[in-house]
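So the structure is just underneath, and the comments pick up after that.
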Amino acid sequence: MSYINTINKEITRKREEFGLETLEIGQTLAEKRLGQAKDALSEINGYEAQVKQAMDAIETGDNIEAISAAALALEAADAKTFAQIAEYLKDAATALATYK
């Protein structure tokens, strides 16, 4: 147990060395993905209803169904424009489901 922090730091260092994504200490993947989706949505013009639905789902933080529905609504509105955001939301929903 005493080596957990040392191991985690080394894994993070190696991930950074190889240009792979990392999480901040204490951050969950769901939190990171929801933050990424929120940042990306703030740059979108138009699609007010779909963006509002997604932002509302993000604000709930742990409502898997709302997050998944928002991802589907974004893809239905414009799959090309919202592809990355929808993936962030799907990843967050998947991560949240594993936490329960």
Which angle from 0 to 90°, rounded to the nearest 10, does the C-alpha axis of helix 4-17 make with the longest principal axis of the chain?
-> 60
Principal-axis tilt of helix 29-41 within the chain, Cα atoms, nearest 10 degrees | 40
Mind jotting down the distance between the C-alpha centroids of region 33-100 and region 1-25, whole Å?
-> 28
Among Asn5, Val51, Leu34, whose Cα sits farthest toward the positive end of the charge dipole of region 1-90 (+1 at Cβ of Lys/Arg, -1 at Cβ of Asp/Glu, about the Cα centre)?
-> Asn5
To the nearest 20 debye, what is the magnitude of the charge dipole of the chain about its Cα centre, counting +1 on the Cβ of each Lys and Arg and -1 on the Cβ of each Asp and Glu?
-> 320
By average C-beta atoms within 10 angstrom, highest first, the peptides 84-90, 10-16, 46-52 | 84-90, 46-52, 10-16
Relative contact order for the chain: what is it in percent, counting Cα pairs under 8 Å that are at least 6 residues apart?
-> 29
Nearest 20 debye, what's the magnitude of the dipole of region 18-77 about its Cα centre given +1 on Lys and Arg Cβ and -1 on Asp and Glu Cβ?
-> 60
From most to least accessible, 1.4 Å probe, no ligand or DNA/RNA atoms counted, Phe18, Phe82 line up as Phe18, Phe82
Check the straight Cα-Cα distances from Lys52 and name the lysines below 26 Å, setting aside those fewer than 8 residues away within the same chain.
-> Lys32, Lys38, Lys80, Lys90
Angle in degrees between helix 48-60 and the longest Cα principal axis of the chain, rounded to the nearest 10 = 40
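The values are calculated or read from the model by the stated rules, or taken from the named source; none is laboratory data. This structure is a prediction, so every number in the text was calculated from the model and none was measured. Don't worry about glycine lacking a Cβ; one is built from the backbone with ideal geometry, like all the others, and counts go over all protein chains shown. Heavy atoms of the whole protein, side chains included, go into the accessibility calculation; ligands, DNA and RNA do not. Shrake-Rupley method; radii C 1.70, N 1.55, O 1.52, S 1.80 Å.
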